[in-house]
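Written below as structure tokens is the structure these notes are about.
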């Protein structure tokens, strides 16, 4: 069974700082997708960034980038120049390429950006 | 293009009752998945529907059931509600059955008293 672990329940940084959220996962699959989702108080899960396991290059979306270490089964999210609107719960999630579109989520990290 | 919409947004039910939650998938998406998110937890996969058939199920009892309609909208039904069923229920739609990203609705907050 696949599992996703986020070891940082809460983090807090000042606006404009850089912050890194950690995620590790466990799977016997070789091909899969990894995601970071953001859940603000509005409750809607918003996709932040996606990484295909077969791609060696780390994904980047504007201020958001990942450090994907396949051998270590690690998938961290770096947020540069953090903004007040980045305050939210962040979830790391995993899904296989085969089978149902089943996302396995971590427990989440509550990120607070302070002015 | 409309996103994923869920109704109702909030609901209060009594233990033992039955509830139906609804989800309209994003235009062009034929796959709908349902998740249960307890307070302070990550979402847990309930099941997925692809072209009107159940296509995968998580570790939930049979009193959790669903439907998908020809327009790809979906319902989640929960019978014999228990207090532990209190949670945020999220619907997600995808443009394909496997892999790729899921697009979520704003959820239905169910409280069982």
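Quick notes on this one:
- The residues of the stretch A:93-114 that are over 17 Å from residue B:90 (Cα atoms) and at pLDDT 95 or above, listed by number, are A:109, A:110, A:111, A:112, A:113, A:114.
- Flag for residue B:54 being within 14 Å of chain A (Cβ to nearest Cβ), modelled with pLDDT of 90 or more and farther than 20 Å from residue A:45 by Cβ: yes
- Taking the numbered list (1) within 30 Å of residue B:108 (Cβ to Cβ); (2) at pLDDT 95 or above in turn, residue A:74 passes all entries but (1).
- Test for residue A:88: is it within 27 Å of residue B:33 (Cβ to Cβ), touching a strand residue (DSSP E or B) at 6+ places or on another chain (Cβ under 6 Å) and modelled with pLDDT of 95 or more: yes
- Of the residues making up the stretch B:67-113, those that are more than 14 Å from every other protein chain (Cβ to nearest Cβ), surrounded by 17 or more Cβ atoms within 10 Å (Cβ to Cβ) and in a strand (DSSP E or B) are B:75, B:76, B:78, B:112.
- Within the stretch B:32-44, being within 7 Å of chain A (Cβ to nearest Cβ) and either surrounded by fewer than 17 Cβ atoms within 10 Å (Cβ to Cβ) or within 12 Å of the chain's Cα centre (by Cα) (or both) holds for B:33, B:41, B:43.
- Residues (farther than 13 Å from residue B:90 by Cα and at pLDDT below 95) located in the stretch B:1-38: B:1, B:2, B:3, B:26, B:27, B:28, B:29, B:30, B:31
- Residue list for the stretch A:90-106, filter: more than 9 Å from chain B (Cβ to nearest Cβ) and within 13 Å of residue A:39 (Cβ to Cβ): A:90
The values are calculated or read from the model by the stated rules, or taken from the named source; none is laboratory data. Values in this document were obtained by computation on a predicted structure and should not be read as measured data. Every residue, glycine as well, gets a Cβ built from its backbone with ideal geometry; the counts of neighbours run over all protein chains shown.
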